[in-house]
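Working notes for the structure below.
The values are calculated or read from the model by the stated rules, or taken from the named source; none is laboratory data. The structure presented is a predicted model; accordingly, all values stated were derived computationally and were not measured. When we count neighbours, we look across all protein chains shown, and the Cβ atoms used for this are built from the backbone with ideal geometry, even at glycine. SASA here: full protein model, heavy atoms, side chains in, ligands and nucleic acids out. Shrake-Rupley method; radii C 1.70, N 1.55, O 1.52, S 1.80 Å.
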Amino acid sequence: MSATTLEDPLSSHHPAAVLFDMDGTLVDSEKLWDVALQELAQEYGGELSEDARRSIVGTAMAESMRILHDDLGQPERDPEISAAWINARILELFRTGLPWRPGAFELLRAVRAAGIPTALVTSSPRALVEIALDTLGRDNFDTVVAGDEVVAAKPHPEPYLTAARLLGVPIERCVAIEDSATGVASALASGAAVLAVPAEVALASAVGVRQTESLTGLDLEFLAALLADRAAATG
């Protein structure tokens, strides 16, 4: 074992695990969702508004389709039919390649090199996640929680609580990294220390959430400091 590897993350000041969101956090996939959503809106004879698009970021598919239908003035449409259309189109788009967000690959690599467990916690369905893992690397995650594998999706805390349970670590010793208000709410409600890295939509300041413009230059000490700050704030 190398000198930089943590033999027991639970006994160190470093996180017991790092829980990564996917879209907009690790990979710059939100632009692909933009394409699919706008194409569906055009298929229905309309155009998705900027406000509706911002509201969709980070939400589960059923909620996303509800927002889209309402925005187009077509609430009667079947969300399952729309979701199937989006899933088929986004699968095609994901296969064209997913660029990393700035600093994401380097931070993930540093966490893995230190022997700290990792989870991918996303609202995207498993079929999309499997394609994304071709870019992200399956060996980079000890567990994956997809959006269609939980009963309650983000902003409910279940996705993050599930990840911590699967990893066998206390959620209070985890750092969750998110880019959307929905994801941040989920991570914060779970009890994890939260790092917000806004991508497509600006985020309001929130107690217990640290914001940074990108993941570039962040390291294990920065993540450890998030835990320390949260511990100090909660007494």
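Quick check: pseudo-label points 7 Å beyond the Cα along Cα→Cβ at A84 and Q42, how many nm apart are they?
Each label point is offset 7 Å from its Cα along the Cβ direction, giving 2.3 nm.
Which part of segment 192-230 falls in the paramagnetic zone of E50, meaning amide N under 19 Å from the point 7 Å along Cα-to-beta-carbon?
Within reach of a label on E50, which here means backbone N under 19 Å from a point 7 Å along Cα→Cβ, segment 192-230 contributes 198-204.
Could you tell me what percent of the DSSP beta bridges with both partners in the chain are antiparallel, to the nearest 5? Numbers along the way, then the final one.
Numbers: 1 of 19 bridges.
Counting only bridges with both partners in the chain, antiparallel ones make up about 5 percent.
Select from S205, S123, S29 the residue whose mean-square fluctuation is largest in a Gaussian network model of the chain (Cα-Cα springs shorter than 10 Å).
Result for the chain, Cα springs under 10 Å: S205 fluctuates most.
Could you tell me what fraction of 2.2 N^0.38 Å the Cα radius of gyration of the chain comes to, as a two-decimal ratio? All intermediate terms of the calculation are to be shown ahead of the outcome.
Values: Rg = 17.7 Å, N = 235, 2.2 N^0.38 = 17.5 Å.
In units of the globular-protein estimate, the chain measures up at 1.01.
Just the number please: accessible area per residue for the chain, 1.4 Å probe, all protein chains included, in Å². Write out the running numbers ahead of the final one.
Numbers: 10480 Å² over 235 residues.
Here the residues of the chain average 45 Å² of exposed surface.
In whole percent, and with a 1.4 Å probe on the protein chains, what portion of the accessible area of the chain is carbon and sulfur?
On the way: 5590 of 10480 Å².
So the carbon and sulfur contribution to the accessible surface is 53 percent.
When only DSSP loop residues count, what GluC sites (Glu not before Pro) in segment 127-235 have their Cβ near at most 16 other Cβ atoms within 10 Å?
Working: sites: E130, E149, E172, E178, E200, E213, E221; in loops: E200, E213.
Of the GluC sites (Glu not before Pro), the ones in loops of segment 127-235 whose Cβ has at most 16 other Cβ atoms within 10 Å are E213.
Based on DSSP H runs of at least 4 residues, each adding -39500 (n - 2.57), what is the mean residue ellipticity at 222 nm of the chain after dividing by all its residues, to the nearest 500 deg cm²/dmol? Present the calculation step by step, with values, prior to reporting the outcome.
Values: 9 runs with 104 residues, N = 235.
Calculated at 222 nm, the ellipticity per residue is -13500 deg cm²/dmol.
Do any GluC sites (Glu not before Pro) in segment 60-122 lie in a DSSP loop with no more than 15 other beta carbon atoms within 10 Å, and if so, which?
Working: sites: E63, E76, E80, E92, E106; in loops: E76.
Taking segment 60-122 and a limit of 15 other Cβ atoms within 10 Å, the loop GluC sites (Glu not before Pro) found are E76.
Give me the net charge of D229's neighbourhood, meaning all other residues with Cβ under 15 Å from the Cβ of D229; Lys, Arg count +1, Asp, Glu -1. Provide the component values of the computation, followed by the final result.
Values: positive: R173, R210, R230; negative: E172, E221.
Once all neighbours under 15 Å are counted, the net charge is +1.
In degrees from 0 to 90, rounded to the nearest 10, what is the angle of the helix 158-167 Cα long axis to the longest principal axis of the chain?
Tilt of helix 158-167: around 40 degrees.
For segment 142-191, compute Rh as the Kirkwood radius over C-alpha pairs and then the Stokes-Einstein diffusion coefficient at 37 °C and 0.692 mPa s; write the answer in µm²/s, rounded to an integer.
Value of D from the Cα-based Kirkwood radius: 306 µm²/s.
Where the centroid of each part is defined by its Cα atoms, how far is segment 167-235 from segment 15-70 in Å?
Centre-to-centre distance over Cα atoms comes out at 21 Å.
Send over the semi-axes of segment 30-96's equivalent ellipsoid, whole angstrom and largest first, taken as the square roots of 5 times the C-alpha gyration tensor eigenvalues. Please list the in-between numbers first.
Values: eigenvalues 57, 32, 26 Å².
Listed largest to smallest, the semi-axes of segment 30-96 are 17, 13, 11 Å.
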